[in-house]
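Trainee: Supplied in structure tokens, the structure appears directly below.
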Amino acid sequence: MEKKGQYPHRRWNPLRQSWVMVSPHRTQRPWQGEVGQKTLPSAVTFDPECYLCPGNKRAGGVANPKYDSIFTFVNDFAALLPEAPSHPDLTSSGLLRAEAVRGLCKVLCFHPDHSLTLARMTQEEIRPVIDAWAAEYTELGSLDWIKYVQIFENRGAMMGASNPHPHGQIWSTGFVPDEAAIETQAQREHLAKTGHCLLCEYLKTEQAAGERIIFENDHFAAVVPWWAVWPFEVMLLSKRHVGSMPQLDTDERDSLADALRRLCTRFDNLFETSFPYTMGFHQSPTDGESHEEWHFHAHFYPPLLRSATVRKFMVGFEMLGMPQRDITAESAAERLRACSETHFWPR
Ligand code: H2U
Ligand code: ZN
């Protein structure tokens, strides 16, 4: 049942100032595309070959401590380095422009148990991960040359995760990356024009509409955004206007842990698979400005479309024109609302 009619339309994303095309009438079309493998949660709690398990040696030869909660280390194959020596190749000429970049990349193991995921961790187990994320944001962001801290998780081989061990990454950069820069601009313009925070207003709009909210707890709401591009794309929005994770108080951090567990469990239950995604937090740049416009949130971008094995591809018109989706955000939210918050594969 499609609330927004069966007709093609496009929807505006005010947060990144772009459109998404919606074609709800296409959901009945036949499918003879890719069929992949279902992934069940692993039963292996310790893998002697895993470079993230406690006590094991990493690829660089350094051994992990026998950690019993979380564990952070500097990425042995970091995409960015703290030193950027000036190099003659980096002089720009005309259209061929380049700049040296600096950064610090870290890896954060969420749990010593190799078989777990956020979906199958308890709220109490997720809580120290949130404190670690907040501490990394503070520590990295306080370096005067770090302008932005991007915390994220690639989950599942389909999304390019190199290892099933529960872990995420933190890339902190000497510049504000494009997505964060677009969101900064959009939030700043909205505040200047209306005197209100864009995402505070958006959350109120969604709470009034109801049809795209999956669930709420005391301090967070999980929403399939009006402008979702990926079939089951979700945003987690803090109810209070805070710009970054360290500003969350104890209750809000408990609430965030609860929201992460519940959302990831619903995702896994949707197709009874270990649901792949890229997720990450967007928060204030750490460039020394005050950023009243910034509203802390998380984006979940999962690729699956029809089953544990059939994913959406961003190809063709989407690469050359603009993003497009078939099922509406409202029907995706309805399906996620119908999923249980008890995991289909209990520990
Ligand atoms: P992904 O699964 O999201 O790719 O994250 C794993 C990261 O871990 C990846 O960036 C790093 C890779 O560089 N890594 C190490 O730092 N040390 C290792 O021994 C292997 C992997
Ligand atoms: Zn492991």
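Trainee: Which one of these is in a loop (DSSP other than H, G, I, E, B) and either closer than 18 Å to Val22 by Cβ or of a type in the set (Phe, Trp, Tyr) (or both): Phe281, Phe275, Phe267?
Mentor: Every option except Phe275 fails the conditions.
Trainee: Pairs only if they're at least six apart or on different chains, beta carbon under 6 angstrom, first in the range 76-93 and within 27 Å of Gly141 (Cβ to Cβ), second small (Gly, Ala, Ser); list them, first residue then second.
Mentor: Asp76/Ala59; Asp76/Gly60; Leu80/Gly103; Ala84/Ala100; Leu90/Ala98; Leu90/Ala100
Trainee: May I ask you to say which residue of Ala63, Ala84 is farther than 27 Å from Pro246 by Cα and at pLDDT below 95?
Mentor: Result of the check over Ala63, Ala84: Ala84.
Trainee: For the range 88-119, name all the residues that are within 16 Å of ligand 2 (Cβ to nearest atom) and acidic (Asp, Glu).
Mentor: Asp113
Trainee: I've got another one for you. Is one or more of the residues making up the range 168-180 on the phi < 0 side of the Ramachandran plot, within 16 Å of ligand 1 (Cβ to nearest atom) and among the aromatic types (Phe, Trp, Tyr)?
Mentor: yes
Trainee: Still on this model: Val310 fails exactly one of the following numbered conditions: (1) over 18 Å from the mean Cα position of the chain (by Cα); (2) closer than 19 Å to Leu15 by Cα; (3) among the aliphatic types (A, V, I, L, M). What is the number of that condition?
Mentor: Only one criterion is unmet by Val310, namely (2).
Trainee: Please pick out the residue among Ala98, Ala78 that is at pLDDT below 95, part of a loop (DSSP other than H, G, I, E, B) and hydrophobic (A, V, I, L, M, F, W, C).
Mentor: Of the residues listed, the single one that is at pLDDT below 95, part of a loop (DSSP other than H, G, I, E, B) and hydrophobic (A, V, I, L, M, F, W, C) is Ala98.
Trainee: While we're looking at this one, here's another question. Need pairs with beta-carbon distance below 8 Å; first residue farther than 13 Å from Lys147 by Cα and within the range 173-184, second of a type in the set (S, T, N, Q); sequence gap 6+ or separate chains.
Mentor: Ile182/Gln17
Trainee: Here are Leu116, Leu143: which of them is within 19 Å of the chain's Cα centre (by Cα) and assigned to a loop (DSSP other than H, G, I, E, B)?
Mentor: Selected residue: Leu116, the only one of Leu116, Leu143 that is within 19 Å of the chain's Cα centre (by Cα) and assigned to a loop (DSSP other than H, G, I, E, B).
Trainee: Collect the residues in the range 6-15 that are of a type in the set (Lys, Arg) and surrounded by 16 or more Cβ atoms within 10 Å (Cβ to Cβ), keeping them in residue-number order.
Mentor: Within the range 6-15, just Arg11 meets the criteria.
Trainee: Here are some residues: Ala192, Ala222, Ala208, Ala180. Which one is surrounded by 20 or more Cβ atoms within 10 Å (Cβ to Cβ) and in a helix (DSSP H, G or I)?
Mentor: After applying the criteria, what remains is Ala180.
Trainee: Kindly list, by first and then second residue, each pair from a residue in the range 318-347 that is surrounded by 13 or more Cβ atoms within 10 Å (Cβ to Cβ) to a residue that is in a helix (DSSP H, G or I) and aliphatic (A, V, I, L, M), limited to pairs with Cβ atoms under 8 Å and residues at least 6 apart or on different chains.
Mentor: Arg335/Leu270; Leu336/Leu270; Cys339/Leu270; His343/Ala119
Trainee: Another question about this same structure. Condition (residue is under 24 Å from Ser23 (Cα atoms) and in contact with a Lys or Arg (Cβ under 6 Å, 6 or more places away or on another chain)) applied to the range 245-262: is it met by at least one residue?
Mentor: no
Trainee: Counting just the residues of the range 54-95 that are hydroxyl-bearing (Ser, Thr, Tyr) and surrounded by 13 or more Cβ atoms within 10 Å (Cβ to Cβ), which one comes out farthest from ligand 1 (Cβ to nearest atom)?
Mentor: Ser69
Trainee: On to the next question. For Asn154, indicate whether it is touching a Ser or Thr at 6+ places or on another chain (Cβ under 6 Å), within 15 Å of ligand 1 (Cβ to nearest atom) and farther than 18 Å from Leu248 by Cβ.
Mentor: So Asn154 passes the test.
Residue-wise test of (1) at pLDDT 95 or above; (2) assigned to a loop (DSSP other than H, G, I, E, B).
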| residue | (1), (2) |
| --- | --- |
| Thr286 | yes, yes |
| Glu289 | yes, yes |
| Trp294 | yes, yes |
| Phe300 | yes, no |
| Ala308 | no, yes |
| Glu318 | yes, no |
| Ile327 | no, yes |
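The values are calculated or read from the model by the stated rules, or taken from the named source; none is laboratory data. Here the structure is a predicted model, which means the values were calculated and not measured. No Cβ is skipped: glycine too gets one built from the backbone with ideal geometry, and neighbour counts run over all protein chains shown.
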